[in-house]
Structures are given as structure tokens and as C-alpha cells.
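> First the structure, then my questions, so here it is.
FYI, it's all coordinate maths here, none of it is from the lab. Predicted model only: the values in this text are computed from it and were never measured. For neighbour counting, all protein chains shown are included, and Cβ atoms are generated from backbone atoms with ideal geometry for every residue, glycine included.
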There are 2 protein chains.
Amino acid sequence: MQTKDLIKGTLNTIILNLLKEHGQMYGYEITQEVKRKTDGKILIREGSLYPALHKLLADGMVMTEEVLVGRRSRIYYKLTSKGHEQTIEQTTELLGFLDTVALLIYPDKKLANG
Amino acid sequence: MQTKDLIKGTLNTIILNLLKEHGQMYGYEITQEVKRKTDGKILIREGSLYPALHKLLADGMVMTEEVLVGRRSRIYYKLTSKGHEQTIEQTTELLGFLDTVALLIYPDKKLANG
DNA sequence: AAAAATACATAGACTGTCGATACATAGACA
DNA sequence: TGTCTATGTATCGACAGTCTATGTATTTTT
């Protein structure tokens, strides 16, 4: 198994949490921030990120603002109020799941709650 | 997002760890044990489990033994030595990933190492 | 001038899990 | 006797999410 198989189901939550932390980010910035924070352990590809962002937009979780930098455009994403709610919900669920998995792997131990 | 999306990439590791703990298990037993241990939070379906077990078998991670109970057959699975190695490897990787995700979600915190 | 980084995007393939379904035995209960 | 539930293995088709590969264009670095 490779890390790429593990990211499934967590990418959305990761993106939402980054947006929550930073206020607003653009796509390329997200890939770099994830790379930086994880010391290159998690690399988010464009082919994963942009479809995910577009879906978040379509679902009303984020809103966008296009900004021209020189002649190149950046599309900033930030959470809607619905997105804020979802962030909390999904994060809670993710942490609960991680805890449950830990239970299965280490019968007598629990991961610390964040 | 639902829990079912999160299980992706972790099912294999969960199965391997259960086999490591129990020595040998049969399919139905695995579904019930996961259900029991997680208070019903994680339900492994037949459509997920058996393909996974068959793949583990094909990959040489587990070996099987068929046992007749009454007139009904049970297929017990247990780890091969290769499977033991993989269990450790995958578990290490999974825990590392969980830790990395936690880093992304809680910038200043780390999950306890099990 | 060439290369690398920045910045967006999509198409197609892959793969893992799920829902539904199937078959059969066993035990409980009406 | 008939039916319901639990036990037990198994497969098929659908679906969704991620990846690889590719594309376009600008900006910065060498």
C-alpha cells in the first residue's frame, strides 16, 4: 500500500482545514503548503486538487475570488458559512474514524484526542 | 463525507492486524469482530471483505484452511511470514499518515504515537 | 535562450469499496 | 410446517475519488 491510497476520503477535510486556517488560499498555494507542512510526505496533484476544489465550489462549501497578478490569474478560495460547518463536521468525523482505526490496530490504546 | 469513504486504504491494514492479533479468523468472524470492537461504527461488507481477502491470498500475504463445521465450510485465514512483514510495514505507514494528517488539521498538535 | 517554477485546467484510467444479490445450512419460534 | 433470523462464502456492476498524463501560458532564474 502506498500513501496515495490513504489520502482517499481525507483530501476534502485537509483542504477545508487549510482554508479555515489561512482564510483564503489559491490552488497552487495549497499544494505547496501541504508539501511544506508534511515534509513532502503528502503531495497533492493538480489532477486531484482542482476537481476537488471545483466540487467544493459546486457544493457551496467555498467561494472564489479571481485576482490578477501581472497577467496571470489566481483563484482564491475561502470557506462559506456552510463550508465552515462542514469543516467542523468532517473533521470531527475524521478524528473519530482515526480513533476507531487505532482501536482496531492497538486493542488497548487510544490516540490522544486533539 | 461518510465513514465509508474513509475506510479506503485502511481496510487491508485492519484485516492484517486482526489476523495478527487473533492468529486465524474466517470472513464472517472478521466482520463481526470489527463491528463489535468499533461499536458498529465500522461495518465491513461482504462485497468489501471477500475481494480484499482474495487479493491478500493472491499476493501471498495470507494462507487459508478450510474447515467443515457441521455441513458448512469455514475458510480460515492466517498470516504468512510475508504477511507478517507487510502488516508491520503497512501499520507503520498508516500511523505515520495519520500523524501527518493530524499535522495538517491541528498545526500545533500531534497525535500520540501508539 | 533555456530551464524551472508558477498557475490554472481536463481527460481518461484505475482501483477500491459498496449495494444488491445469490446460494446454502442452522436454529428459533409460531 | 413454514418462516424468520443468523451464519457463511461469494460475485457483479456501479460509483467516486485520486492519479497519470497532458495542455496552455506567464514569470523567474540560470
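> Is chain B rounded, prolate or oblate when judged by the Cα gyration tensor, a ≥ b ≥ c being the square roots of its eigenvalues, rounded requiring a/c under 1.5 and prolate requiring a/b larger than b/c?
Taking the square roots of the gyration eigenvalues as a ≥ b ≥ c, chain B is prolate.
> Turning to a different aspect of this structure: Given the Cα-Cα distance of A:Arg36 and A:Lys82 and 0.36 nm per residue of separation, how much length would full extension add, in nm?
Length difference between fully extended and current span is 13.8 nm.
> Say R0 is 22 Å: what FRET efficiency, to the nearest 0.05, do A:Ser73 and B:Asp5 get from their beta-carbon distance?
After rounding to 0.05, the efficiency reads 0.10.
> Compute the long axis of helix A:46-58 from its Cα atoms, compare it with the longest principal axis of the Cα atoms of chain A, and write down the angle in degrees, 0 to 90, nearest 10.
Once rounded, the angle reads 80 degrees.
> Dipole magnitude of chain B about its Cα centre, charges +1 at Lys/Arg Cβ and -1 at Asp/Glu Cβ only, in debye to the nearest 20?
400 debye
> Search the structure for amide H atoms under 5 Å from the amide H of A:Met25, placed 1.01 Å from N in the peptide plane, and list their residues when 5 or more places away or on another chain.
A:Tyr77
> Please state the charge dipole magnitude for the protein assembly as shown, taken about the Cα centre, from unit charges on C-beta atoms (+1 on K and R, -1 on D and E), reported in debye and rounded to the nearest 20.
About 200 debye.
> Averaged over peptide B:86-99, how many Cβ atoms belonging to another chain are found within 10 Å of each residue's Cβ?
4
> Oh, and also: For chain B, take the longest principal axis of its alpha carbons; what is the angle in degrees between that and the long axis of helix B:27-37, to the nearest 10 within 0 to 90?
The answer is roughly 40 degrees.
> What are the nm distances, shortest first, from A:Glu89 to its equivalents in the other copies, labels at 7 Å along Cα→Cβ?
List, nearest first: 4.0 nm.
> Please turn the phi angles of the range B:71-76 into ³J(HN,Hα) values with the Karplus equation 6.51 cos²θ - 1.76 cosθ + 1.60 (θ = phi - 60°), one per residue in order, whole Hz, x for glycine and proline.
Listing the rounded values in order: 9, 9, 9, 10, 10, 7 Hz.
> How much mean residue ellipticity at 222 nm does chain B get from its helices, if each DSSP H run of length 4 or more adds -39500 (n - 2.57) and you divide by all residues, to the nearest 500 deg cm²/dmol?
-18000 deg cm²/dmol
> OK, next. Under 5 Å between amide H atoms, partner at least 5 residues away or on a different chain: which partners does A:Val62 have, H built in plane at 1.01 Å?
Answer set, sorted by chain and number: A:Leu57, A:Thr80.
> Over 28 Å between C-alpha atoms is what I'm after, so list which of A:Lys35/B:Lys78; A:Lys82/B:Lys8; A:Lys20/B:Lys8; B:Lys41/B:Lys82; B:Lys35/B:Lys55 land there.
Long pairs (Cα-Cα over 28 Å): A:Lys35/B:Lys78; B:Lys41/B:Lys82.
> How would you classify the range B:36-93 from its alpha-carbon gyration tensor, with a ≥ b ≥ c the square roots of the eigenvalues: rounded for a/c under 1.5, else prolate if a/b is greater than b/c, otherwise oblate?
oblate
> If each label sits 7 angstrom from Cα along the C-beta direction, how far apart, in nm, is B:Arg72 from its counterparts in the other copies?
Going from nearest to farthest copy, the values are 6.4 nm.
> Rounded, prolate or oblate: which one fits the protein assembly as shown, using the alpha carbon gyration tensor with axes a ≥ b ≥ c (rounded when a/c is under 1.5, else prolate when a/b beats b/c, else oblate)?
prolate
> Specify the angular offset, from 0 to 90 degrees and rounded to the nearest 10, of the alpha carbon long axis of helix B:11-22 from the longest principal axis of the alpha carbons in chain B.
60 degrees
> Provide the per-residue ³J(HN,Hα) series for the range B:86-101, in order, calculated from phi with Karplus coefficients 6.51, -1.76, 1.60 and θ = phi - 60°, each as a whole number of Hz, with x at glycine and proline positions.
With the stated coefficients, the range B:86-101 comes to 4, 4, 5, 4, 5, 5, 4, 5, 4, 5, x, 5, 4, 5, 5, 4 Hz.
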